[in-house]
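Scroll down for the structure; my scribbles are underneath it.
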Amino acid sequence: FTNGDLGPVREILEPTVRPAPAKVGISAPADVIVPKGPTGCDPGQTAFFQTLQIATKIAKGQIEMTNDTHLISAGDKVTASQAALLQKLGIEPFTYGMSLLKVYDSGSLFDAKVLDITDEVLTAKFVAALNTISKLSLALNIPTEASVTHSVANAFKAILAVTVELENYSFPKAEIYKAYLADPS
């Protein structure tokens, strides 16, 4: 719980994960592959590996696994022998940590995705909405605050087009364009 901004809190919480051992009966959140190589177990424990159908050999006074072994598939329940093997090998295949799922604020519950909304995202959405309103109001010929600049620019272009064609009428801003059209070089 905090009264401050939750964005920095999430940035601290979510990357903080700890290794966890495989416990009997839990569903595996990910595949567990035991790498080949020396196990540190004495040769008297080869029967244990054979019951799990793991190919081994004796090398330098210890059991060595000859192949990488896919021990547990994601979603499968961990058996007692699988948990015992991982414990003997000192492998902690799973992790645990906190992840933010919901945000409670002023009596309302929001999805944690609201924390991804930054000032830049809000500004971009606001500008896109203003552009849409401006386009709609111009297309429907209904003046709005969003379309005023476009309406003024369109009016200037229309007046300029008429003024350029007239010889006896002009205004100061039109002189630049008349001069250019008279001599484009």
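The values are calculated or read from the model by the stated rules, or taken from the named source; none is laboratory data. Source: prediction; values computed, not measured. As a convention, Cβ positions derive from the backbone with ideal geometry for all residues, glycine included, and neighbour counts pool all protein chains shown. These accessible areas exclude ligands, DNA and RNA; they are computed on the full protein's heavy atoms, side chains included. Shrake-Rupley method; radii C 1.70, N 1.55, O 1.52, S 1.80 Å.
Is it the case that segment 146-153 has a residue that's within 30 Å of the chain's Cα centre (by Cα), of a type in the set (Gly, Ala, Ser) and at pLDDT below 90?
No, that holds for no residue.
If you check Leu109 against the conditions, is it closer than 30 Å to Glu11 by Cβ, without any contact (Cβ under 8 Å) to a residue 24 or more places away in the chain and touching an Asp or Glu at 6+ places or on another chain (Cβ under 9 Å)?
Details: closer than 30 Å to Glu11 by Cβ: yes; without any contact (Cβ under 8 Å) to a residue 24 or more places away in the chain: yes; touching an Asp or Glu at 6+ places or on another chain (Cβ under 9 Å): no.
So Leu109 does not fit the description; no.
Just to verify a result, which residue in segment 15-34, among those that are out of contact with any helix residue (DSSP H, G or I) (no Cβ under 8 Å at 6 or more places or on another chain), among the aliphatic types (A, V, I, L, M) and not in a loop (DSSP other than H, G, I, E, B), is modelled with the lowest pLDDT?
Val17
Looking at the structure I just gave you, is Ser108 farther than 19 Å from Asn3 by Cα and more than 22 Å from the chain's Cα centre (by Cα)? Working first, answer last.
Details: farther than 19 Å from Asn3 by Cα: no; more than 22 Å from the chain's Cα centre (by Cα): yes.
No, not satisfied.
Any residue in segment 139-152 that is in contact (Cβ under 8 Å) with a residue 12 or more places away in the chain sitting within a Cβ distance under 8 Å of a residue that is part of a helix (DSSP H, G or I) and open to solvent by 90 Å² or more (accessible area, probe 1.4 Å)? List the pairs, counting only those 6 or more apart or interchain.
none
Could you list, in sequence order, the residues of segment 120-168 that are farther than 30 Å from Leu181 by Cβ and among the aromatic types (Phe, Trp, Tyr)?
Phe126
Please verify whether Ile159 is under 30 Å from Asp68 (Cα atoms) and surrounded by 10 or more Cβ atoms within 10 Å (Cβ to Cβ), treating the condition exactly as stated.
Numbers: under 30 Å from Asp68 (Cα atoms): no; surrounded by 10 or more Cβ atoms within 10 Å (Cβ to Cβ): yes.
No.
Every residue, every condition in (1) out of contact with any Cys (no Cβ under 9 Å at 6 or more places or on another chain); (2) more than 27 Å from Asp111 (Cβ to Cβ), yes or no:
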{"residue": "Gly7", "(1), (2)": "yes, no"}
{"residue": "Leu13", "(1), (2)": "yes, no"}
{"residue": "Arg18", "(1), (2)": "yes, no"}
{"residue": "Gly37", "(1), (2)": "yes, yes"}
{"residue": "Cys41", "(1), (2)": "yes, yes"}
{"residue": "Gln45", "(1), (2)": "yes, yes"}
{"residue": "Phe49", "(1), (2)": "no, yes"}
{"residue": "Ala59", "(1), (2)": "yes, yes"}
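When only residues in segment 35-49 that are small (Gly, Ala, Ser) and not in a strand (DSSP E or B) count, which is surrounded by the most Cβ atoms within 10 Å (Cβ to Cβ)? Steps first, please.
Here is the first cut: in segment 35-49, the ones small (Gly, Ala, Ser) are 37, 40, 44, 47.
If we keep only those that are not in a strand (DSSP E or B) too, we end up with 40, 44, 47.
Details: Gly40: 11, Gly44: 8, Ala47: 7.
Ranking the candidates gives Gly40 first.
Give the residues of segment 50-88 that are touching a Ser or Thr at 6+ places or on another chain (Cβ under 6 Å), outside any strand (DSSP E or B) and crowded, with 17+ Cβ neighbours inside 10 Å, sorted by residue number.
Scanning segment 50-88 gives a single hit, Ile54.
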